[in-house]
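Enquirer: Starting off with a structure, shown below.
The values are calculated or read from the model by the stated rules, or taken from the named source; none is laboratory data. Everything numeric here is computed off the predicted structure, so don't read it as measured data. Neighbour counts are summed over all protein chains in view; Cβ atoms, including those assigned to glycine, are modelled from backbone coordinates with ideal geometry.
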Amino acid sequence: MSLKGFHILFITVSTLLCIFVVLWAFVFASYSEMSLKVFGVVCAIMAIVLPVYGIRFYRKSREI
């Protein structure tokens, strides 16, 4: 596997992990603390940013 392929795979796995953490923080957690909600919001933002970064990386890496 090339470094480019590994990078795309790592971004995909990281995005899925962020989505799981968001679900855990807001849906499945049995307790509701402020720090858990902040962590969930940060992961929600990253779940949006990571795919955008992945698309930009993929487009740029096609030229290389």
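Enquirer: Being β-branched (Val, Ile, Thr) and either over 20 Å from Val13 (Cα atoms) or surrounded by 15 or more Cβ atoms within 10 Å (Cβ to Cβ) (or both) is the filter here; which residues of region 28-48 pass it?
Expert: Val38
Enquirer: Please go through region 1-33 and give me each residue that is among the charged types (D, E, K, R) and farther than 19 Å from Val52 by Cα, ordered by number.
Expert: Taking region 1-33 first, the residues among the charged types (D, E, K, R) are 4, 33.
Correct list: Glu33 only.
Enquirer: To continue, here is another question. Regarding Ile19, is this residue of a type in the set (Val, Ile, Thr), out of contact with any Gly (no Cβ under 6 Å at 6 or more places or on another chain) and part of a loop (DSSP other than H, G, I, E, B)?
Expert: Taking the combined requirement at face value, the residue does not satisfy it.
Enquirer: Please state which one of Leu9, Leu3 is over 10 Å from the mean Cα position of the chain (by Cα) and modelled with pLDDT of 95 or more.
Expert: It is Leu9.
Enquirer: Would you say Ser14 is assigned to a helix (DSSP H, G or I), surrounded by 14 or more Cβ atoms within 10 Å (Cβ to Cβ) and of a type in the set (S, T, N, Q)?
Expert: Numbers: assigned to a helix (DSSP H, G or I): yes; surrounded by 14 or more Cβ atoms within 10 Å (Cβ to Cβ): yes; of a type in the set (S, T, N, Q): yes.
Taking the combined requirement at face value, the residue satisfies it.
Enquirer: Whether any residue in region 51-61 is in contact with a Ser or Thr (Cβ under 9 Å, 6 or more places away or on another chain), surrounded by 14 or more Cβ atoms within 10 Å (Cβ to Cβ) and in contact (Cβ under 8 Å) with a residue 24 or more places away in the chain is what I want to check. Give the derivation first.
Expert: If we filter region 51-61 for residues that are in contact with a Ser or Thr (Cβ under 9 Å, 6 or more places away or on another chain), which is where we start, we get 51, 54.
Still in the list and also surrounded by 14 or more Cβ atoms within 10 Å (Cβ to Cβ): 51, 54.
If we keep only those that are in contact (Cβ under 8 Å) with a residue 24 or more places away in the chain as well, we get 51, 54.
Taking every residue of region 51-61 in turn, at least one turns out to be in contact with a Ser or Thr (Cβ under 9 Å, 6 or more places away or on another chain), surrounded by 14 or more Cβ atoms within 10 Å (Cβ to Cβ) and in contact (Cβ under 8 Å) with a residue 24 or more places away in the chain.
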